[in-house]
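The values are calculated or read from the model by the stated rules, or taken from the named source; none is laboratory data. The structure displayed is predicted, hence computed values, not measured ones. Cβ sites come from the backbone with ideal geometry, for glycine too, and all protein chains shown count toward neighbours.
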Amino acid sequence: MRFDKPRTFRQSMSWVHTWAGLLLGWLLFAVFVTGTLSFFRNEITLWMQPELHRAHDDGHAAANALRTLERVGSGAQQWTISLPGPRSNVVNLSWREAQPEQAQGSQSRGGGRQQPGLHRAVMDPATGELIEARQTAGGNFLYRFHFELYGIDRIWGRWIVGIATMFMFVALITGVIVHRQIFRDFFTFRPAKGKRSWLDAHNASGVLSLPFHLVITFSGLVLLGSMLMPTAVSSAYPEDSAAYGRELRGLGNAAPAPRATGEAAPLTAIAPLLAEGERRWPDAGVGSIVVTHPGDAGAIIELRQARGDSLANRAATERLLFNGVSGKLLDAPPAAEPSTVRAIQNVLSAVHLGRFASPLPRWLLFLSGVLGSLMVASGLVLWVVSRAKDAPSAEPSLAPIPRGHRLVQVLNIAAVAGLMIAIAAYFWANRLVPVEQAERNLWEIRTFFSAWGLTLIHALLRRHKRAWIEQLVAAGALFAALPLLNTFSGGAHLGHSLASGQWQVAGFDLTALACGLLLFFAARGVIRHVPRVRPGKAAPAARPATRSPRPAEATAAQAPLPLPLRC
């Protein structure tokens with residue numbers, strides 16, 4: 001930008017929009033894509049553990065889980081059972097061992113408290129058998145990468161993502177200011193028009209989900225607010241900063257944990273308790289069961305609602321407390337009512353995380369995230385297209401390219417198409433790395449970054465258009481073949497998952513197939529694309545050399561032609 005040249009306010013905002021979007025656009029695309037996938041991180045993890053695909057619920061999951069915990073978690077201080085639901089077809093079990101001072105009535109050596117051991121397992125809800133699933137980073141890697149990156153300190157990663165999110169918010173605001181006729185541009189698309197087509201695509205993808213982009217970006221800043229502005233927390237909680245987190249989660253008035261009596265007693269039947277939970281929550285049902293001090297006369301059984309409805313309270317679920325021996329309903333402590341400020345923060349964070357959502361809202365959030373990713377990608381490509389010099393010949397690729405322009409071209413290819421290859425390679429590594437491989441979850445992550453790095457090298461070595469085509473085709477082939485990979489590597493094939501109602505596995509396969517087809521379609525568009533050459537910029541045709549006319553010839557050439565003679 002030339003500061004000696006006067007500019008209007010809108011022109012200044014256009015400059016800010018362009019460079020704010022470009023400088024961190026490559027990182028923002030990765031954040032948007034991984035964040036979009038994080039809406040289904042539970043389903044991604046389930047797909048990446050094919051040993052769990054054929055488990056099914058026959059309605060006796062809770063009773064089977066209690067019998068299994070009596071066998072494997074005998075003497076534990078607490079049992080936790082996560083029942084099957086729309087996002088999982090298995091039962092997740094965990095049991096926490098009793099602390100030494102509680103189990104033996106004495107302090108551990110050295111006067112310190114020994115932390116209780118926590119064990120986790122996965123169970124088939126129909127048979128009650130524990131399932132040994134492969135070790136995998138699953139969808140949690142994509143979720144953590146979305147806001148912490150990888151390979152660097154977590155705090156530094158959050159700072160980098162927070163700064164990039166602020167740039168994104170600035171780009172959104174300036175983008176709205178720049179477009180005078182933003183809504184008319186949304187209904188306008190002119191294909192095969194070069195820069196104009198990319199601008200139309202950028203406008204349409206931005207305007208269609210503009211409310212989502214603004215909310216998701218601002219809420220991301222709110223989630224990182226206590227880190228980006230720590231002074232606000234330290235000034236309000238000068239002596240106990242952890243109290244901020246407890247109050248934020250509504251744990252300030254939590255009831256004290258029940259104590260064991262030391263008298264053995266069997267647990268009551270779970271079926272009547274579940275019936276009461278279903279009666280209280282007919283829409284959501286019971287999501288989890290927590291048994292404190294199982295086998296003790298002071299045992300407490302807690303039922304938790306599967307899904308909350310109040311965004312103002314972070315979609316917190318209701319709970320029912322029962323005496324673990326008699327089955328009598330106990331009074332549960334009332335949930336803390338959030339303040340207005342905390343309610344607003346809870347609503348924003350709940351929308352950003354999407355944990356509250358049922359399948360339809362979750363898919364709408366996913367599609368909005370896809371549009372956000374397309375908006376960022378089209379903006380990066382638009383920067384290159386708008387600054388490409390008009391080709392003076394039929395071979396524009398032979399024209400010299402400035403180093404800065406070439407750098408943006410390479411980074412665009414690796415950041416957009418290369419990231420899609422890396423994600424697909426991550427899923428392929430999940431099935432190709434041997435199950436018995438030590439630290440195989442790290443090998444999945446290493447495959448992700450190795451594939452991503454190779455796409456950068458490929459983009460450096462190949463011409464711009466050829467690199468786009470080859471990487472888009474490679475990404476499309478990797479994604480489209482994922483359903484076949486699932487079939488031949490122990491997972492439930494698409495026909496079985498659809499017939500048995502395993503929508504988590506079927507949804508992953510169908511989404512991967514659709515993504516592969518869209519990438520093939522994008523590669524086809526690049527193949528058919530021919531850069532437009534302005535008529536005024538075309539190079540003049542070569543002319544044969546001619547000798548200079550003599551003075552007499554020049555005079556004759558300048559004289560008017562004689563009129564034709566009439567007979």
Limited to segment 308-329, what total is found for residues that are in contact with a strand residue (DSSP E or B) (Cβ under 7 Å, 6 or more places away or on another chain) and either of a type in the set (Gly, Ala, Ser) or within 23 Å of Trp95 (Cα to Cα) (or both)?
-> 8
Counted residues in segment 77-99 being of a type outside the set (S, T, N, Q), under 36 Å from the mean Cα position of the chain (by Cα) and farther than 27 Å from Ser497 by Cβ come to 4
Among the residues of segment 537-544, is any buried (at least 19 other Cβ atoms within 10 Å of the Cβ), small (Gly, Ala, Ser) and either touching a Ser or Thr at 6+ places or on another chain (Cβ under 8 Å) or modelled with pLDDT under 90 (or both)?
-> no
Residues (surrounded by fewer than 18 Cβ atoms within 10 Å (Cβ to Cβ) and in contact with a Phe, Trp or Tyr (Cβ under 8 Å, 6 or more places away or on another chain)) located in segment 328-357 = Lys328, Leu329, Leu330
Quick one: which of Val416, Val408 is out of contact with any Pro (no Cβ under 8 Å at 6 or more places or on another chain), within 24 Å of Arg466 (Cβ to Cβ), surrounded by fewer than 23 Cβ atoms within 10 Å (Cβ to Cβ) and touching a residue at least 60 places away in the same chain (Cβ under 8 Å)?
-> Val408
Some residue of segment 428-444 being farther than 20 Å from Ser489 by Cβ, in contact with a helix residue (DSSP H, G or I) (Cβ under 9 Å, 6 or more places away or on another chain) and either of a type in the set (Phe, Trp, Tyr) or assigned to a helix (DSSP H, G or I) (or both) | no
Before we move on, is Tyr150 within 16 Å of the chain's Cα centre (by Cα), outside the structural domain of Ala429 (by TED's automatic domain parsing) and closer than 11 Å to Gly35 by Cα?
-> no
Mind listing just one residue for me: the one in segment 93-150 that is assigned to a loop (DSSP other than H, G, I, E, B) and at positive phi and, of those, modelled with the lowest pLDDT?
-> Gly105
The lone condition Ala192 fails out of (1) at pLDDT below 90; (2) touching a helix residue (DSSP H, G or I) at 6+ places or on another chain (Cβ under 8 Å); (3) aliphatic (A, V, I, L, M) is (2)
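Conditions (1) within 29 Å of Arg362 (Cβ to Cβ); (2) surrounded by 15 or more Cβ atoms within 10 Å (Cβ to Cβ); (3) at pLDDT 90 or above; (4) of a type outside the set (Phe, Trp, Tyr), marked per residue:
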| position | (1), (2), (3), (4) |
| --- | --- |
| Arg463 | no, no, yes, yes |
| Gln471 | no, yes, yes, yes |
| Ala475 | yes, yes, yes, yes |
| Phe479 | yes, yes, yes, no |
| Leu482 | yes, yes, yes, yes |
| Asn486 | yes, yes, yes, yes |
| Ser489 | yes, no, yes, yes |
| Ala499 | yes, no, no, yes |
| Gln504 | yes, yes, yes, yes |
Selection count, segment 210-248, where residues are among the small types (Gly, Ala, Ser) and surrounded by fewer than 14 Cβ atoms within 10 Å (Cβ to Cβ) | 7
